[in-house]
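S.K.: Below: one structure in structure tokens.
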Amino acid sequence: RARVFKAFKISLWKQFDHGLLSKPGLRYLDDMCDQTLDIRDKFIGLRDIEYMWRIGRVLKYFKSKLEALQKGQQEENFPIPNNIHQYRIYQLVSSTAFDMVI
């Protein structure tokens, strides 16, 4: 059992070195291995690490915006203003560069 967890920890460090695992993820999983070895007949369960791969609301929003930009979809179509000043502002805020900066 100790050999399995030692091999698992080596695997974690290799994944970290290759950029597949973040520093907080490595630290958490390494600590989980140590705790699991301290308690007899305990293994790392899915519920112990499940919250680590959940995506927050902000990232979901950015993902949907990027997908919309990739597909070339516009979420809202506003009428083009007749006033020259409003038209210039409309051009500015409807540009892709403006969306990327914001």
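The values are calculated or read from the model by the stated rules, or taken from the named source; none is laboratory data. If you're wondering where the values come from, they're calculated on a predicted model, not measured in any experiment. Cβ coordinates were reconstructed from backbone atoms using ideal geometry, including for glycine residues, and neighbour counts include every protein chain displayed. Calculation scope for accessible area: heavy atoms of the full protein, side chains included, ligands and nucleic acids excluded. Shrake-Rupley method; radii C 1.70, N 1.55, O 1.52, S 1.80 Å.
S.K.: Of the options Phe5, Leu26, Phe78, report the single residue whose Cα projects farthest towards the positive end of the charge dipole of the chain (beta-carbon charges: Lys, Arg +1; Asp, Glu -1).
M.R.: After comparing all options, I get Phe5.
S.K.: Calculate the dipole size of the chain relative to its Cα centre from +1 charges on Lys and Arg beta carbons and -1 charges on Asp and Glu beta carbons; express the result in debye to the nearest 20.
M.R.: Charge dipole of the chain: 320 debye, to the nearest 20.
S.K.: Let me ask you something else. What do you reckon, how do Phe16, Phe5, Phe43, Phe62 stack up by accessible area (1.4 Å probe), largest on top? Numbers along the way, then the final one.
M.R.: Values: Phe16 65, Phe5 15, Phe43 135, Phe62 105 Å².
Output order, biggest surface exposure first: Phe43, Phe62, Phe16, Phe5.
S.K.: Per residue, how much accessible area does the chain show when a 1.4 Å probe rolls over the protein heavy atoms, in square angstrom?
M.R.: 90
S.K.: Could you pull out the pairs from Lys14/Lys65; Lys6/Lys42; Lys23/Lys71 whose alpha carbons sit more than 26 Å apart here? Could you put the intermediate results ahead of the total?
M.R.: Details: Lys14/Lys65 34 Å; Lys6/Lys42 15 Å; Lys23/Lys71 34 Å.
From the list (Lys14/Lys65; Lys6/Lys42; Lys23/Lys71), the Cα-Cα distance tops 26 Å for Lys14/Lys65; Lys23/Lys71.
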